[in-house]
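The structure appears below as structure tokens.
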Amino acid sequence: MAGVSVRSLFSLTGIDKSDVRVLLGYALGKTHAQLVADAEYCLSESEAERISNYLIRRTHGEPVSYVTGRRDFYSLTFRVTPSVLIPRPETELLVELALEYLSDHAQLLDMGTGSGVIAICVAHAKEDVAVTATDISPEALRVARKNAMYHQVANRIVFRSGEWFSALAKGIRYDMIVSNPPYIASDDPHLQQGDLRFEPACALTDKKDGLSAFCALVDGAPACLKEGGWLLMEHGYDQADFVCARLRARGFVSVRNWRDLAGIPRVSGGRWGNEDLCCFAGSTIGK
Ligand code: GLN
């Protein structure tokens, strides 16, 4: 492919154009604007070898983010490896809600942090927040720590390894718990399709009906929340009713869901404590 121009690569068929753009930018170390401005640029031998390797990997189904090792989320760039879920734009809603409802000098717990995107975006945007982030996978925590260091928030995030609440030190209570848990049912055919085939199974599915992580989070959260503290969870398009019912049954108040940009109920949550106290304890948004 040496000598081939950027323009001719842009007109390749059989591969998504935006994928070619990202991979080409990565192979040549150029932004999209630079690629467009210099579309007649002809690739050197080593550049051609790099891009053809990337294109082959992509054609075999590997997600673009695993080829480049990075992914943008909430206007920050994150390192991603096949040990972590590729952050999705829908999850930005959880970050926005956390920033909206967290009080000053709050303590936040992010459960199942993966690449660390939620914990890091909140810590980056709100300098007075102290964050604890957990994951069952030590490899994922390594990626999350690197991301925290890269974004210079590692001094405000404590990383802990373990399954849900067993990862935590006893007796600490948080102002908010957020989680984007594995919520795909094990028999969902999507697990066998597209990018999902390459992502860590434990980040995608509970290997059951897709609801067990919500049960663990809702049941365990009260022992770790302060009075009036929020539990906010991302979920699938058809899981809001289940999650809200579980929250109410456990005694949470101000229970509701929030829709993503596509209009799909994407996050559900509630506050721990007495309804009246919650009104006085801070925000009453959501009532
Ligand atoms: N919190 C991370 C994210 O939202 C990882 C979630 C997961 O592994 N299920 O991308």
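The values are calculated or read from the model by the stated rules, or taken from the named source; none is laboratory data. Treat the numbers as computed from the prediction; the structure is a model and nothing was measured. Note: ideal-geometry Cβ built from the backbone for every residue, glycine included; neighbour counts use all protein chains shown.
So residue 215 passes all but one of these: (1) over 20 Å from residue 98 (Cα atoms); (2) within 14 Å of the ligand (Cβ to nearest atom); (3) of a type in the set (A, V, I, L, M, F, W, C). Which condition number does it fail?
Of (1) over 20 Å from residue 98 (Cα atoms); (2) within 14 Å of the ligand (Cβ to nearest atom); (3) of a type in the set (A, V, I, L, M, F, W, C), only one is false for residue 215: (2).
Applying the selection to segment 210-227, what residues are within 21 Å of the chain's Cα centre (by Cα) and more than 18 Å from residue 275 (Cα to Cα)? Before the answer, list the steps.
Pass one, segment 210-227, residues within 21 Å of the chain's Cα centre (by Cα): 210-218, 221.
Result: 210, 211, 212, 213, 214, 215, 216, 217.
Condition first: in contact (Cβ under 8 Å) with a residue 40 or more places away in the chain and surrounded by fewer than 19 Cβ atoms within 10 Å (Cβ to Cβ). Now tell me which residues in segment 143-162 satisfy that.
Passing the criteria: 146, 150, 151.
How many residues are farther than 14 Å from residue 86 by Cα and in contact with an Asp or Glu (Cβ under 8 Å, 6 or more places away or on another chain) if we restrict to segment 185-204?
Counting residues in segment 185-204 that are farther than 14 Å from residue 86 by Cα and in contact with an Asp or Glu (Cβ under 8 Å, 6 or more places away or on another chain) gives 2.
Any residue in segment 83-94 that is of a type outside the set (D, E, K, R), on the phi < 0 side of the Ramachandran plot, more than 9 Å from the ligand (Cβ to nearest atom) and not in a helix (DSSP H, G or I)?
Yes, that holds for at least one residue.
Name the single residue that is farthest from residue 198 (Cα to Cα) among those in segment 98-114 being surrounded by fewer than 22 Cβ atoms within 10 Å (Cβ to Cβ) and in contact (Cβ under 8 Å) with a residue 60 or more places away in the chain.
Residue satisfying both the conditions and the ranking: 103.
Considering only segment 39-65, how many residues are part of a helix (DSSP H, G or I) and more than 26 Å from the chain's Cα centre (by Cα)? It would help to see each step written out before you state the result.
If we filter segment 39-65 for residues that are part of a helix (DSSP H, G or I), which is where we start, we get 45-59, 64-65.
Next, only the ones that are more than 26 Å from the chain's Cα centre (by Cα) stay: 45-53, 56.
Residues that pass the stated criteria total 10.
Identify the single condition in (1) modelled with pLDDT of 95 or more; (2) of a type in the set (A, V, I, L, M); (3) part of a helix (DSSP H, G or I) that residue 36 does not satisfy, given that it satisfies every other one.
(1)
Pairs, please: C-beta under 8 Å, at least 6 apart or cross-chain, first residue of a type in the set (Lys, Arg) and in segment 18-36, second crowded, with 17+ Cβ neighbours inside 10 Å and assigned to a helix (DSSP H, G or I)?
If the second residue must be crowded, with 17+ Cβ neighbours inside 10 Å and assigned to a helix (DSSP H, G or I), the pairs left are 21/35; 30/24.
Answer yes or no: is there a residue in segment 102-109 that is within 14 Å of the ligand (Cβ to nearest atom) and either modelled with pLDDT of 95 or more or under 15 Å from the mean Cα position of the chain (by Cα) (or both).
The answer is yes; a qualifying residue exists.
Residue-wise test of (1) touching a Cys at 6+ places or on another chain (Cβ under 9 Å); (2) more than 12 Å from the ligand (Cβ to nearest atom).
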position: 81; (1), (2): no, yes
position: 141; (1), (2): no, no
position: 156; (1), (2): no, yes
position: 167; (1), (2): no, yes
position: 174; (1), (2): yes, yes
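As an exercise: evaluate residue 79 against (1) surrounded by fewer than 20 Cβ atoms within 10 Å (Cβ to Cβ); (2) under 30 Å from residue 149 (Cα atoms); (3) out of contact with any helix residue (DSSP H, G or I) (no Cβ under 6 Å at 6 or more places or on another chain) and give the number of the one condition it does not meet.
Status for residue 79: all satisfied but (3).
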